[in-house]
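Okay, structure first, notes after.
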Amino acid sequence: MMSSVRAGDGSRSDYAAILKRPSFSEFSHHKEAVLCLDWDCEGGMLGSGSMDKTACVMRLTDRLTRELELRGHSGSVDFLTWHPNNKSVLATASSDHHVKFWDVRTGPKCTSTVPTKRPSICVRYAPDGNTLAVVNLEDTLMLIDAKTGKVTKSRQFNYEVNEFTWDKSGKHLFLTNRQGRVEVYTFPELEPTDVAITAHTASCTCINFDPTHRDIRKADSVALLGAL
């Protein structure tokens, strides 16, 4: 079951009123729990992944209407991410140890499938949309060509790595790890730089830039949120 909240003009008083008396609409497009959500680059379509081994693509008008049901995974769909510049293309990652690419213009059949050996823990497109990066539970970072579905580069770490993101230029990849550090690598070479930030005393688990790419938000496994 998914819910949406209707917003108003975006003013502080408007949001305060919404939080006091939110108006929800619920839509049942999956048979089991929803595990991930992501909007396309134009904000007109919402993708969802579920324990029921499917992904759904829904169009937002006055309600969420299901456009496509994407089948093909043999395990739960744990991650779904849209192409940053193409509103028709998305990728999913599953507990079945595979990543699949989809194009909603060509229907519900995936365009390519890539094995990841182990379940994925972070899946994101690079800023230019040409590469999909995946970290799996074996602490391997894989770079996949988004057009061909071929693995172009991989790097194995001897310690736990978690989420990652890119700077605005797309030339540097910021990777969090169990040591509470944010390490910076060149992209797409995946060579370490001399920049490493000790961000937390516990495992650093997630990271993202603010919309201006001036600040980094990160969090750790003991519920601390920080900014750089």
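Can you say whether Phe187 is at pLDDT 95 or above and surrounded by 16 or more Cβ atoms within 10 Å (Cβ to Cβ), as far as the supplied structure shows? Break it down into steps so the answer makes sense when it comes.
On the way: at pLDDT 95 or above: yes; surrounded by 16 or more Cβ atoms within 10 Å (Cβ to Cβ): yes.
Yes: the conditions hold for Phe187.
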Of the listed residues (Val104, Val57, Val135, Val99), the one being over 19 Å from Lys150 (Cα atoms) and surrounded by 21 or more Cβ atoms within 10 Å (Cβ to Cβ) is Val57
Check whether at least one residue in region 151-174 is free of Cβ contacts under 8 Å to residues at least 12 places away in the same chain and of a type in the set (Val, Ile, Thr), and report yes or no. no
Might you let me know whether region 68-87 holds any residue that is over 17 Å from the mean Cα position of the chain (by Cα), modelled with pLDDT under 70, surrounded by 13 or more Cβ atoms within 10 Å (Cβ to Cβ) and assigned to a strand (DSSP E or B)? no
Pull up region 94-122, narrow it to residues that are within 11 Å of His73 (Cα to Cα) and among the hydroxyl-bearing types (Ser, Thr, Tyr), then point me to the one that is nearest to the chain's Cα centre (by Cα). Ser94
Conditions (1) charged (D, E, K, R); (2) in contact with a Leu (Cβ under 9 Å, 6 or more places away or on another chain); (3) modelled with pLDDT of 95 or more -> Arg59 fails only (3)
Tally up the residues in region 140-154 that are farther than 19 Å from Thr186 by Cβ and under 17 Å from the mean Cα position of the chain (by Cα), please. 1
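Can Ala133 be described as part of a strand (DSSP E or B), among the aliphatic types (A, V, I, L, M) and either closer than 26 Å to His29 by Cα or in contact (Cβ under 8 Å) with a residue 60 or more places away in the chain (or both)? Outline the logic, then answer.
Numbers: part of a strand (DSSP E or B): yes; among the aliphatic types (A, V, I, L, M): yes; either closer than 26 Å to His29 by Cα or in contact (Cβ under 8 Å) with a residue 60 or more places away in the chain (or both): no.
Considered against the rule, which asks whether it is part of a strand (DSSP E or B), among the aliphatic types (A, V, I, L, M) and either closer than 26 Å to His29 by Cα or in contact (Cβ under 8 Å) with a residue 60 or more places away in the chain (or both), Ala133 comes out as no.
Here's the yes/no breakdown for (1) of a type in the set (Gly, Ala, Ser); (2) in a strand (DSSP E or B); (3) in contact with a Lys or Arg (Cβ under 8 Å, 6 or more places away or on another chain):
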residue: Thr92; (1), (2), (3): no, yes, yes
residue: Cys110; (1), (2), (3): no, no, yes
residue: Lys117; (1), (2), (3): no, no, no
residue: Val123; (1), (2), (3): no, yes, no
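The values are calculated or read from the model by the stated rules, or taken from the named source; none is laboratory data. Model, not experiment: these values are computed from the prediction. Please note: Cβ atoms are built from the backbone with ideal geometry, for glycine as well, and neighbour counts cover all protein chains shown.
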